[in-house]
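One structure is given here, and the rest of the page talks about it.
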Amino acid sequence: MVSEYITNLKIKQYGGSFISCPSSWAATHVTSSYHKLYFPVSGEAQITAKGRIYLLEEKQLMLIPKGVSHSFSLTESCHLEKYWLHFTAYSEGADLFSQFTDITVWDFSSDDAFTKLTGYFNQLFHTKNSNAVELALLQQASLFQICALLFSYSPEKIPSALENAPLHSKKSVILKYIDEHLADSLT
């Protein structure tokens with residue numbers, strides 16, 4: 001079930017880059033139809049959601065799930081350099097990140113984890129505007145690697161989307177039928 005879900009997984013990027021945020025970087029009551037990742041490498045930001053204030057510091061990765069109303073701004077330091085990514089991740093109509101209903105923050109301050117994550121982001125954004133097959137594949141690989149890294153750092157190793165994921169595609173139904181009737185005589 002897990003391997004079929006992942007085989008059919010589509011991760012779509014809606015935007016992202018590395019940016020040095022201007023002092024005007026702020027918005028209130030934002031709700032998106034995609035997930036957001038913020039990963040500061042220098043400076044800090046303040047994110048408010050569901051009545052809670054989060055201080056996002058360098059080398060922390062924040063996931064703001066789709067549908068969560070939030071506000072964001074720089075802190076008094078007025079300095080933030082970050083990677084950011086807007087994306088969705090679906091398979092057979094089920095959202096890979098459905099278990100994340102509130103803001104989640106991961107710590108990537110260890111040298112190994114930080115190097116790994118920045119490497120994935122760099123590969124993703126250096127391939128963003130290319131039409132070459134190799135670079136498009138690297139971009140998709142980067143998206144999968146970032147998502148895999150998040151789940152490796154999460155307490156729940158199997159996403160809730162996998163527990164009851166409906167696999168209704170025609171291909172899935174046909175393959176299931178073949179598997180169940182492989183030993184049957186052909187008529």
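The values are calculated or read from the model by the stated rules, or taken from the named source; none is laboratory data. Note that the structure is predicted; figures quoted are calculated from it, not measured. When we count neighbours, we look across all protein chains shown, and the Cβ atoms used for this are built from the backbone with ideal geometry, even at glycine. Areas reflect the complete protein model, heavy atoms only, side chains present, ligands, DNA and RNA absent. Shrake-Rupley method; radii C 1.70, N 1.55, O 1.52, S 1.80 Å.
Key figures for this structure:
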| quantity | calculated |
| --- | --- |
| Contacts under 8 angstrom Cβ, first residue in region 100-118 being within 16 Å of Ser154 (Cα to Cα) and touching a residue at least 24 places away in the same chain (Cβ under 8 Å), partner crowded, with 17+ Cβ neighbours inside 10 Å and of a type in the set (Asp, Glu), 6 or more apart | none |
| Residue within region 79-88 that is more than 20 Å from Gly16 (Cβ to Cβ) and buried (at least 17 other Cβ atoms within 10 Å of the Cβ) present | no |
| Any pair with Cβ under 6 angstrom, 6 or more apart, that starts in region 165-182 at a residue that is surrounded by 10 or more Cβ atoms within 10 Å (Cβ to Cβ) and ends at one that is part of a helix (DSSP H, G or I) and modelled with pLDDT of 75 or more | Ala165/Tyr5; Leu167/Glu4 |
| In region 89-147, the residues that are closer than 17 Å to Phe39 by Cα, part of a strand (DSSP E or B) and open to solvent by 50 Å² or more (accessible area, probe 1.4 Å) | Val105, Asp107 |
| Single residue of region 8-23 satisfying the filter (out of contact with any Phe, Trp or Tyr (no Cβ under 8 Å at 6 or more places or on another chain), open to solvent by 40 Å² or more (accessible area, probe 1.4 Å) and in contact (Cβ under 8 Å) with a residue 12 or more places away in the chain) that is farthest from Gln123 (Cα to Cα) | Ser23 |
| Some residue of region 59-77 being farther than 23 Å from Phe114 by Cα, in a loop (DSSP other than H, G, I, E, B) and acidic (Asp, Glu) | yes |
